[in-house]
Amino acid sequence: MITNEHLDRLLAGRGNVLSTEGEKIGGVGQVYADDDTGQPNWVTVKTGLFGTRESFVPLEGARVEGDDIVVPYTKDQVKDAPGVDPDGHLDPAEEDRLYQHYSLGGGQRTYTDTTTGTAGNRNDADTGVTGGYRGDADTSTDRDYDARGTVGRDTSGPTTDDAMTRSEERLSVGTERQATGRVRLRKYVTTENVTQTVPVQREEVRIEREPITDANRDAALRGPDISEEEHEVTLHEERPVVDKETVPVERVRLDKDTVTDEETVTEEVRKERIDTDGIDDTRR
């Protein structure tokens, strides 16, 4: 059971209203207290797109978990609750509609206040709790005109005026920015084989023989007639020499472009229709 001791934490924390399955129904809006007992009996839940709609949920059977309120109703049941303007006051007709929707007390609220006029309405400055839905005595009769000159009478509750207000929901779609991914640059080292062909030179020995002629006879006969001799020639060759150097080849950076796409949003909206009984009128 939720009592006044829970109100400061609920209103300061601005928690959520959850179903018993843990599903988020919406954010906590206002808490309504009974004028006679001062006990919280209703809470409004911010539902709809961007929390622009507030639906009433009874606190009977609800419990507090941290900053959240857990109610024994589903999200769809709260979403389909009768539309009541959270203006700080619940009149008997509005409360009857809510009791019927949530099947509380057999679907009908029993009123014990026999005063006439507007029901009590207060705003508790200490707790931030909105109060006021004490029942009024139904002073309507079967007359076609009441004291205010209204034609007919309201069969669903206290007589208001001679017209109904037809309302409908309008869809308001916006956008929100959220992170979808992260991209980063990372540099790492790989190894690959590079093959290049380079020409190399080497020296080889070639034996040249020349016959004795008049031109070389003196050089050939120079020295002893018979002797042992050795002659040596050094051979050379080229071999590949590998050297590596590091050179910059390019610079890489990250940048972002904004791309505009279109998405189609489909959502249900409710409209009130007004039917007539007893007259031939097909207009809506």
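Annotations for the structure displayed:
- Distance in nm between pseudo-label sites at T197 and T74 (7 Å out along the Cβ direction from Cα): 8.0
- ³J(HN,Hα), Karplus 6.51/-1.76/1.60, whole Hz, each residue of the stretch 33-47, x for Gly, Pro: 10, 6, 5, 7, 9, x, 7, x, 10, 9, 9, 9, 10, 7, 10
- Length available on full extension from K256 to K24: 0.36 nm per residue minus the Cα-Cα distance, which gives 80.0 nm.
- Here the simple spin-label model places points 7 Å from the Cα toward Cβ, and for V173 and E210 these points are separated by 10.4 nm.
- Theoretical gain in end-to-end length, L235 to R166 [0.36 nm per residue, Cα-Cα removed]: 13.6 nm
- In this simple spin-label approximation, V249 and R182 carry label points 7 Å from Cα along the Cα→Cβ vector, and these lie 3.0 nm apart.
FYI, it's all coordinate maths here, none of it is from the lab. Since we're looking at a predicted model, the values are computed, not measured. Note: ideal-geometry Cβ built from the backbone for every residue, glycine included; neighbour counts use all protein chains shown.
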